[in-house]
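Nothing in this text is a laboratory measurement; each read-out follows from the coordinates by a stated rule. What you are looking at is a predicted structure, and each value in this text was computed from that prediction instead of being measured. Backbone-built Cβ (ideal geometry, glycine too); neighbour counts: all protein chains shown.
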Amino acid sequence: MNGKVLKGSLFIALGACCYGLLGSFVKMAYRDGYTIAEVVLSQFGLGVAGLFVLTLFRNRKYGETQHKPGLKSKVRLIAAGTTLGLTSVFYYMSVRFVPVSVGIVLLMQAVWMGVVLEMILQKRLPGARKIASALLVMAGTALATHVLRQSAGINWTGLGWGMLAALSYTTTMYSSNHLELHCPPLTRSFYMITGGFIIIVLIFHSAIGAGFSYSIFWHWGLLVALFGTILPPLLFTRGMPAAGLGLGAIITALEIPVAVITASWLLNETVKLSQWAGIALILAAVVLMNYNIKKSFRRKGSKVVVSSPLLLADGLRYNRKEN
């Protein structure tokens, strides 16, 4: 591995670690008495502000050398970003009822959901490698969530919210992999985060009032916005062109063990050996999905999704010709 690829891989790993911390931060905010409305409004509000400033600096630096999206492109990205906001709402609702280690596993169902979505849209069966990856995710989920052991006391409310988060993220992933790819990644992230902020305001507008605790902005909102909406786009944008989408998608799988280890450390969550086995199967599915992506997609300037919570299923788009 040359220095450029190693450096790019490091940036991607740091971005994945940022995302891995989110679930624990949100759960700690709940423990401090904050509501989901306060958490998501502060995250996306500060996130939009931060990305707006960064986009302004980038536009001043590059001037007219980079394509600026037109009104239609902006509207499409904002509309697509609404599912990004919903993903955060559903995921944060899920971790209210289930451990973070289970919530992150439920979010990973986007891998097999993406396979199904692609099959429906392309009207043909997926290749053997994608089917095997989907089956590995399902098997890993059964182990990691104890879904086959009724005595484990599964919280079906949390499971339901987690599956909704995965479904919403699948839509986000598809949209961000197909819409306005000619725009700079940071610009695309800004407009998609804006769309997420708009839908969150529409959902939780009634919570903005006398009872809203604005201290969330400097207590947890800044951390959640920094690690969830500001740093990852910068790190992925810097790292993906150097490391390549195949290697990058595999490295982002670090988010899963980081989320589990952080929850164990900060929240004292207990993770059993069977759950680690399930997580290992999901990681294996990610590697299988992405390990053979053609080198042509590693060239500098490849379009990268930087606005979504995960990049684990990028191989769904770039593996098509192989299957």
Practice problem: Any chance you could run the full-extension gain for THR270 through ILE203? It's 0.36 nm times the residue separation minus the Cα-Cα distance, nm to one decimal. | Solution: 20.8 nm
Quiz item: Hey, fewest Cβ within 10 Å first, where do MET113, MET28 land in order?
Solution: MET28, MET113
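With N set to the number of residues, divide the alpha-carbon radius of gyration of the stretch 1-63 by 2.2 N^0.38 Å and report two decimals.
1.55
Contour minus end-to-end for PHE212 and ALA128, with contour as 0.36 nm per residue of separation and end-to-end as the Cα-Cα distance?
The span from PHE212 to ALA128 would gain 25.2 nm if fully extended.
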